[in-house]
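Engineer: Here it is, the structure, as structure tokens.
Bear in mind that the values in this text are calculations on the coordinates, not laboratory data. None of these values were measured; they are calculated from a predicted model. Positions of Cβ are generated from backbone atoms using ideal geometry, with glycine treated the same way; all protein chains shown enter the neighbour counts.
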Amino acid sequence: MRIPSTPSRRPYGWLLPALAALLPATAFAGPWEVGSTSPGTSRKVKAEVTWKHTDSKDTWARPVLKFAAPLARDLSFEVAAGYGIVEKSNGATRSGAKDFTGKLKWRFVEEGDRRPAWLVEPKFSFDTGSPGIGSGVTTLKTPLRAGKQFGKLRLTAEVSHTHGFAHDYDDLVGYGALLEYAPNPRWIVGVDLLNDRPLHDGGRYHLRGNAAFKYKASKRLELQGLLGRSAENRRGELATSAKFVAAYKF
């Protein structure tokens, strides 16, 4: 059985939505694993550097380059490609292209005073990466999210299904939540918690969390950072992860 590589081991408010008056008109997607309920409204380019550490290896993506653009008022797309490096604890190193990815974001219910926004975000990861860098299988991950604003807080819940286009791939189901706080128009900070497991084996779950920020440096430039840690991983090693993102709107 082939399982996709993931990091390993170790809500609230009642005010009416007011954050929209504080935040910039165009928001960038965040660095958290649990995503947003907002499709893109302008063209953007992103450059990411990610790092994951386990006892057996350090895995880098430096850089991952992304391009996103709107297709309609409630629909946008994003494509990404990157370069990966794996540094094993025994000194061996491997590098090469990462898998190419493409996704759509469709908000099919807009947020209202008494209802959350609903969005689906199908994402294909194509088996185009170099041996030992790519996943070795084409997958389709389909998260479904609901998000609601409560004053300066925003709560998003997510459920997902990941299907692998290979006979020995165990499909995954996942669920998680994200809590964001916007103290002022430039900053958003937040934490998420996510758990996933094989569809037919609930004992092999992977529970992990992330703390991250988004900083709007200018009207067009946003910087993001993330630190993550596995709480428990029944499918592999415990891991610590980090991410830095620079996003530019044009």
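Engineer: Determine which residues of region 35-60 fall in the zone a paramagnetic label at Ala177 would reach in this model, i.e. backbone nitrogen under 17 Å from the point 7 Å along Cα→Cβ.
Structural biologist: 35-37
Engineer: Excluding same-chain residues fewer than 8 positions from Lys141, which lysines have a Cα within less than 18 Å of its Cα?
Structural biologist: Excluding near neighbours in sequence, the set is Lys66, Lys98, Lys103, Lys105, Lys123.
Engineer: Here is a further query. Taking the Cα centroid of region 166-185 and of region 112-132, what is the distance between the two, rounded to the nearest whole Å?
Structural biologist: Cα centres, region 166-185 to region 112-132: 9 Å.
Engineer: Here's a follow-up. Need the list of aspartates and glutamates near Lys214 for cross-linking: C-alpha distance under 17 angstrom, and skip anything on the same chain fewer than eight residues off.
Structural biologist: Candidates past the 8-residue exclusion: Glu33, Glu48, Glu180, Asp192, Glu222.
Engineer: Please work out, to two decimal places, the log10 of the ratio I(q)/I(0) at q = 0.15 Å⁻¹ from a Debye calculation in which every Cα of region 49-168 carries one identical scatterer.
Structural biologist: Scattering profile of region 49-168, log10 relative to I(0): -0.84.
Engineer: Kirkwood Rh over alpha-carbon pairs of region 113-248, then Stokes-Einstein at 10 °C and 1.306 mPa s: what D in µm² s⁻¹, rounded to an integer?
Structural biologist: The calculation lands on 94 µm²/s.
Engineer: Report the net charge of residues surrounding Asp74, where surrounding means a beta-carbon distance below 10 angstrom and charges are Lys +1, Arg +1, Asp -1, Glu -1.
Structural biologist: +2
Engineer: Quick one: Arg114, Arg73, Arg234, fewest Cβ neighbours within 10 Å first, how do they rank?
Structural biologist: By the 10 Å Cβ count, ascending, the order reads Arg114, Arg73, Arg234.
Engineer: Between Ala211 and Trp118, what is the spin-label point distance in nm, taking each point 7 Å from the Cα along the Cα→C-beta axis?
Structural biologist: About 3.5 nm separates the two model spin labels.
Engineer: In the chain, what is the volume of the convex hull around the alpha carbon atoms, normalised per residue and reported in Å³?
Structural biologist: Per-residue hull volume (Cα only) is 123 Å³.
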